[in-house]
Amino acid sequence: MSDQHEENFRQSMRRLAATVCVISCQHEGVRFGITVTSVTSLCFKPLSILACINNGTSIINPLLAEGRYCINVLQKSQVEISKRFSGGVPPSERFLVGGWAEDAQGIPYLPDAQANLFCEVDQTVAYSTHQIVIGRAVAAGFAERVDPLIYQNGGYVACAPLLLNDAA
């Protein structure tokens, strides 16, 4: 692939806005988590969601071994949590920011996130440097106010409803 083709692809993807999530799990008493934007709903029967996770991340092997995890959809006010889980901070120090709790099975989650999707690994698909993890949503919760953290063009952005003019 040419360098120009790769750069055109990179710049095209920067125009794709995505909701910021932190995927979290626990394995053998240790918490793991990473920031991702590659999360999307898959279908309603069964309730499922997919996430693309790089094979080089600290979470991939524990997540697959444990088979249970939470997708924490971040609120606009949770930029610092996103940054902490994006790398540069040792995995053992990532959970020191945010009001983390654990569900009955020990899965760490953010009760004040925009939404929490508790999942069980249903399938994985290996693709180049990543695993496509398909999870069955076994529980979900959400905040009443819709105010997600969005990432676009290499930075965090705000979103607002469009005011449409109904007059013809």
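The values are calculated or read from the model by the stated rules, or taken from the named source; none is laboratory data. All values reported here derive from a predicted model rather than from experimental measurement. Virtual Cβ from ideal backbone geometry, glycine too; neighbours counted across all protein chains shown. Surface areas here come from the heavy atoms of the whole protein model, side chains and all, with no ligands, DNA or RNA. Shrake-Rupley method; radii C 1.70, N 1.55, O 1.52, S 1.80 Å.
Got a sec? Which of Leu74, Leu64 is open to solvent by 20 Å² or more (accessible area, probe 1.4 Å) and either touching a Phe, Trp or Tyr at 6+ places or on another chain (Cβ under 7 Å) or not acidic (Asp, Glu) (or both)?
On inspection, the qualifying residue turns out to be Leu64.
Take the residues in the stretch 132-168 that are of a type in the set (S, T, N, Q) and under 19 Å from Met13 (Cα atoms), then tell me which one is farthest from the chain's Cα centre (by Cα).
Asn153
Between residues in the stretch 13-31 that are without any contact (Cβ under 8 Å) to a residue 40 or more places away in the chain and residues that are among the charged types (D, E, K, R) and surrounded by 12 or more Cβ atoms within 10 Å (Cβ to Cβ), which pairs lie under 7 Å by C-beta distance while being six or more apart or on different chains?
These pairs meet every condition: His27/Glu66.
Search the stretch 113-168 for residues being in contact with a Lys or Arg (Cβ under 8 Å, 6 or more places away or on another chain) and of a type in the set (Gly, Ala, Ser), and hand back the single one that is surrounded by the most Cβ atoms within 10 Å (Cβ to Cβ).
Residue satisfying both the conditions and the ranking: Ala158.
Can you confirm whether the stretch 33-45 contains a residue that is aromatic (Phe, Trp, Tyr) and exposed (fewer than 13 other Cβ atoms within 10 Å of the Cβ)?
So far as the stretch 33-45 goes, yes, one or more of its residues are aromatic (Phe, Trp, Tyr) and exposed (fewer than 13 other Cβ atoms within 10 Å of the Cβ).
For the stretch 77-101, which residues satisfy the criterion of being crowded, with 19+ Cβ neighbours inside 10 Å and basic (Lys, Arg)?
Within the stretch 77-101, Arg84, Arg94 meet the criteria.
How many of the residues in the stretch 136-151 are under 20 Å from Ser82 (Cβ atoms) and either at pLDDT 95 or above or touching a helix residue (DSSP H, G or I) at 6+ places or on another chain (Cβ under 7 Å) (or both)?
8
Does Gly98 satisfy the criteria of being under 17 Å from the mean Cα position of the chain (by Cα) and within 26 Å of Leu16 (Cα to Cα)?
No.
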